[in-house]
Amino acid sequence: MSHLESTLAREKTIAAPWTLLAVLGAALVLALPALWNGYPLVYYDSVDYVIMPFSWDMPIYRTGAYGVFSLTARLTHSLWGPVVVQSLIVAYVLHEAFRLFTPTIANRALIVGTLLLSVVSGLPWVTSEIMPDAFTGVVVLATLVLAFHDGSLPRYRSAALVAILAVATAVHTSHFAILGGLIVCLHAAKWAVRLGIPVLLPKLRMVLVGFVVALGVATGSNWLMTGRPFLMQPSAVLTLGLLVQDGLAKQYLDEVCRKPGPDKPRLCMARNRLPDNANAFIWHDPDFWKLGGWSGIEGEAHRIVDGCLSRYPFTYAWTSVKLMFSQLAMVETGDGMTPMQHFIGHAIRDYYPREMTAFSNARQQADIDFSAANSVQVPAEIASFILLFPLIWFAWRQRDRLSLTVASLVLLALLGNAFVCGALSNPNDRYQNRIVWVAILTLGVGGLRLKEASGDGSANRSRYEVAS
């Protein structure tokens, strides 16, 4: 072994404990909201994920993969299990991202960056919650690291990231759309490199492996839960909810219900009392449940959705654009983190009885006030999205290929998430809050790199930026 090789080996040996401490410290920060609350945070959907590892019964509007992930609670006999695992996964992926962005100060950047994100974003709140939202940003960051690492990423770290990417993608249907969109953009980056555009040349193989494994994990989890292999459940009911909210469903029903004939939609009987909110329709409307709820109305939902698309294609397209931009601005932390004693208390009592006292005494049951946090976080999150545009422009001017590539892909991921969740589902604050923190991270590190570049005339490039 040469003197240089022995020196590098010694530095790695010294750095390893500090890296482990940094990741554990970041994970602790990410779990602080749950620790402060006195118990893991829960959302309306959480009740199903608490029950699924015991009942192996998957409701039509849930994902089997996160139900399987919730086995971490059953195996540890505590709902703290998923929070611990989620915090460790997010902390590790953050560390790998800082190795990509700032390789010389990765450990320090991880601690400082995690603390900053905890103040100006809702990241630790989603990480501390029994929900798949903790993994949305992980999909983006893990993809970036696998696509743009410097070629010296050890196999075990690469395999860990592929496994994390697969699980993170599989736990929510929308994550497949995000990763699929990123893969398309990565292919486009190869074309851009040939045109001389100063972006990094991506490495797609491991990202594609992660996507394929995610398909297997999602399909296998659904098979395990239902006895049927499938990737995703029908979504026409969600789209119908949006059409009810936008008034297109009533417009369509007004046209077809007035025509004579027996083959009329069953929803005709309720067309004059449809609510003006999608959530109110699919969760609380008595007519919706009278017609069979999620499973009973699926066929009719397809018929109405297809009818609206064929009759009002331009109106539907314009409405989708408006919904996407509406979703971009909805980033408040705490969406749905209301008192859950009556909604989920029975599941805690039945499956985690030893934690019932902690759950009942948690701050969430007294209603958490997020107004102070949102007064800081909402402006920071919206500003971070807007400032990605000048960051991309300055990175182009400085020929900082890493900042230009990453900022562009993060911007597209945010837009894609807003379209998938806002235009195809229904705008909710938690949908964009779960991913917008990636923009804050990108903006902070990209700004630091540009500052270094302006100070010494050249950005602090990593080895792979020169080699790509």
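The values are calculated or read from the model by the stated rules, or taken from the named source; none is laboratory data. Since the structure is predicted, the reported quantities are computational estimates derived from the model, not experimental observations. When we count neighbours, we look across all protein chains shown, and the Cβ atoms used for this are built from the backbone with ideal geometry, even at glycine.
What the table below lists for this structure:
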| item | result |
| --- | --- |
| Failed criterion for A358 (all others in (1) touching a helix residue (DSSP H, G or I) at 6+ places or on another chain (Cβ under 6 Å); (2) modelled with pLDDT of 95 or more hold) | (1) |
| Of the criteria (1) over 25 Å from the mean Cα position of the chain (by Cα); (2) at pLDDT 90 or above; (3) aliphatic (A, V, I, L, M), which one V217 fails | (1) |
| Leading residue by the ranking (surrounded by the fewest Cβ atoms within 10 Å (Cβ to Cβ)) among those in region 172-187 that are of a type outside the set (A, V, I, L, M) and in contact with a helix residue (DSSP H, G or I) (Cβ under 9 Å, 6 or more places away or on another chain) | G180 |
| Any hit, region 145-166, residues being in contact (Cβ under 8 Å) with a residue 40 or more places away in the chain, surrounded by fewer than 24 Cβ atoms within 10 Å (Cβ to Cβ) and under 26 Å from L35 (Cα atoms) | yes |
| A395 over 24 Å from the mean Cα position of the chain (by Cα), farther than 24 Å from V139 by Cα and not charged (D, E, K, R) | no |
| Condition broken by G151, with the remaining ones in (1) in contact with a helix residue (DSSP H, G or I) (Cβ under 9 Å, 6 or more places away or on another chain); (2) within 23 Å of F385 (Cα to Cα) satisfied | (2) |
| Matching residues, region 399-426, being surrounded by 22 or more Cβ atoms within 10 Å (Cβ to Cβ) and in a loop (DSSP other than H, G, I, E, B) | D400 |
| Residue count, region 312-354 (criterion: surrounded by fewer than 16 Cβ atoms within 10 Å (Cβ to Cβ), β-branched (V, I, T) and in the same structural domain as Y49 (by TED's automatic domain parsing)) | 1 |
| Cross-chain or 6+ apart pairs with Cβ under 8 Å, region 358-384 first and free of Cβ contacts under 8 Å to residues at least 40 places away in the same chain, then surrounded by 14 or more Cβ atoms within 10 Å (Cβ to Cβ) and hydroxyl-bearing (S, T, Y) | D367/T338; F370/T333 |
| Residues of region 323-343 satisfying the condition of being more than 21 Å from the chain's Cα centre (by Cα) and more than 18 Å from A134 (Cβ to Cβ) | P339, Q341, H342, F343 |
| S375 vs. criteria among the hydroxyl-bearing types (S, T, Y), assigned by TED's automatic domain parsing to the domain that holds V47, surrounded by fewer than 18 Cβ atoms within 10 Å (Cβ to Cβ) and under 28 Å from the mean Cα position of the chain (by Cα) | yes |
| Qualifying residue in region 46-62 (condition: among the acidic types (D, E), assigned by TED's automatic domain parsing to the domain that holds H342 and closer than 21 Å to L443 by Cβ) | no |
| Filter result (over 22 Å from the mean Cα position of the chain (by Cα) and either among the acidic types (D, E) or assigned to a loop (DSSP other than H, G, I, E, B) (or both)) within region 98-128 | T102 |
| Options K250, K190; residue that is in contact (Cβ under 8 Å) with a residue 12 or more places away in the chain and surrounded by fewer than 17 Cβ atoms within 10 Å (Cβ to Cβ) | K190 |
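Condition check ((1) among the hydrophobic types (A, V, I, L, M, F, W, C); (2) more than 17 Å from A27 (Cβ to Cβ); (3) at pLDDT 95 or above) across all residues:
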position	(1), (2), (3)
R74	no, yes, yes
W80	yes, no, yes
V83	yes, no, yes
Q86	no, no, yes
A91	yes, no, yes
F98	yes, no, no
N107	no, no, no
V112	yes, no, no
S118	no, no, yes
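The rows are residues; the columns are (1) surrounded by fewer than 24 Cβ atoms within 10 Å (Cβ to Cβ); (2) assigned to a helix (DSSP H, G or I); (3) in contact with an Asp or Glu (Cβ under 7 Å, 6 or more places away or on another chain); (4) free of Cβ contacts under 8 Å to residues at least 12 places away in the same chain.
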| residue | (1), (2), (3), (4) |
| --- | --- |
| Y49 | no, yes, no, no |
| R62 | yes, no, yes, no |
| G67 | no, yes, no, no |
| G81 | yes, yes, no, yes |
| V84 | yes, yes, no, no |
| L88 | yes, yes, no, no |
| L94 | no, yes, no, no |
